[in-house]
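The next block holds one structure in the form of structure tokens; read it before the comments.
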Amino acid sequence: MPNNALKIGILGFGAMGKAHAYAITNLPYFYSTLPFSASIAGVCASTPERTQARVAPFGLPAASSEDSLINDPNIDIIDICTPNRFHYASIKKALAAGKHVLCEKPLGMTEQEGAELAELAAKSGRVCRVVFNNRFIPAIMRAKQLIEEGRLGRILSFHAAYLHNSCLDPAKPAGWKQNADICGGGVLYDLGSHVIDLIIHLCGPVSAVSGMAQIGFTERTGMNGENWQTNADEAFYLMAELACGAHGTMTLSKLSIGANDDLTLDIRGTQGAIRFSLMEPSFLEFYDAASPDQPIGGLRGFTRIECVGRTPAPGGAFPSPKAPVGWLRGHIGSMYAFLDAVHRGDTQSGPTFAQGAEINRIMAAAYRSAECGQRIVLREEDCL
Ligand SMILES: NC(=O)c1ccc[n+]([C@@H]2O[C@H](COP(=O)([O-])OP(=O)(O)OC[C@H]3O[C@@H](n4cnc5c(N)ncnc54)[C@H](O)[C@@H]3O)[C@@H](O)[C@H]2O)c1
């Protein structure tokens, strides 16, 4: 019997807690025919005082503690939006309480945590997903269609980058994302997990990686106002080999002057290519080598496809399909896909915990490679 009235408890109410609350609350605007309703039954952001202060402007119910939220019998789903260090313990408690779980990326602080959580999720029979929201941007969905239709031919190379400028100011105090004790890994975890997910989602499994980490500013003011030695990478340069035979690079940096939220993908095959930029998310560029190049170039060249807000049904009702896509749209899609899976009892489709764990495994190998300067093979069978 499907659950038609999904009740969600949100853990953590910073940037992502708000993004998720926005997505849950606004689903009926974006999806014209929803076969379920979804509501926020409680929010917990560390202390009761902090929770109260954070949720009051939104009129959301405050939970007195993480445990009371997780063990609330009225709640079906625990949505984890806390800093990375807290994911593991909260997921274990939520699964023990029989809840479905949505968890922000990266799934674990370590490869081992990711693997254990993926195993627990598989045994639980609950719907467990990691938030890799960029998969749900219409242009990325169109890219996946084109690749699956074989329009790129055999994929040979990819170049992906996720660039921010947020670590460039040496006077900016370190936050939890610069503290490896809380984040587990620096920009590789924060931005790299998204990029690795997109490459796997579009092109298939990663077979081997080589990595190089960079800290641009070794000393900052810490979270407590005292001197702080930066201990998490501020940029990471990753080369990867894919099972399909493609080779490519992923550049992940918060040391990039001129960047805002610059996620770019460039994937090239034997028959065609795609290019995507998150700063222009309404468009997917597609190159089709089958287009005539005569006369005088014919129609050959990159086409800028207007994917804009043309989300597949039952989406697309609001905002107008002509409206440009924002980053938040990916979160709305991600939330819808997760809740729909809970509603249908679909424990298989992703982004699964197993996929999250694989990304933990790749990132761990990337760090090992960065330390030892050696290429690390992850899938022996592809590298023969
Ligand atoms: N998918 C994306 O686009 C995206 C973007 C940014 C961050 N994230 C991920 O989202 C998660 C949260 O990041 P953020 O940027 O929202 O962080 P944030 O610092 O803005 O907010 C964290 C929140 O968690 C609360 N918190 C801290 N410890 C807690 C605890 N023990 N119990 C309950 N609440 C606690 C804080 O009070 C705060 O409300 C991280 O895992 C991060 O990697 C994802």
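Points to keep in mind about this one:
- Residue tally, condition in contact with a Leu (Cβ under 8 Å, 6 or more places away or on another chain) and not hydrophobic (A, V, I, L, M, F, W, C), over the range 18-73: 7
- Qualifying residues in the range 153-201 (those that are under 19 Å from TYR237 (Cβ atoms) and among the charged types (D, E, K, R)) - the one nearest to the chain's Cα centre (by Cα): ASP197
- 2 or more residues touching a strand residue (DSSP E or B) at 6+ places or on another chain (Cβ under 8 Å): qualifying helices (runs of 4 or more DSSP H) within the range 137-208: 138-148, 193-203
- Criterion violated by ALA341 - all others in (1) out of contact with any helix residue (DSSP H, G or I) (no Cβ under 6 Å at 6 or more places or on another chain); (2) at pLDDT below 90 satisfied: (2)
- Restricted to the range 65-92, and to residues there that are among the charged types (D, E, K, R) and in contact with a strand residue (DSSP E or B) (Cβ under 8 Å, 6 or more places away or on another chain), the residue that is farthest from the ligand (Cβ to nearest atom) is ASP76.
- Only a single item in (1) within 15 Å of the ligand (Cβ to nearest atom); (2) touching a residue at least 40 places away in the same chain (Cβ under 8 Å) is not met by LEU27, and it is number (1).
- Yes/no for ALA56 being free of Cβ contacts under 8 Å to residues at least 60 places away in the same chain, in a helix (DSSP H, G or I) and over 29 Å from ALA365 (Cβ atoms): yes
- Across the range 350-373, the qualifying residues are those that are touching a residue at least 12 places away in the same chain (Cβ under 8 Å) and in a loop (DSSP other than H, G, I, E, B), and the one among them that is surrounded by the fewest Cβ atoms within 10 Å (Cβ to Cβ) is GLY350.
- Scanning the range 329-348 for residues that are touching a residue at least 12 places away in the same chain (Cβ under 8 Å) and not in a helix (DSSP H, G or I) gives GLY345, ASP346, THR347.
The values are calculated or read from the model by the stated rules, or taken from the named source; none is laboratory data. Since the structure is predicted, the reported quantities are computational estimates derived from the model, not experimental observations. Every residue, glycine as well, gets a Cβ built from its backbone with ideal geometry; the counts of neighbours run over all protein chains shown.
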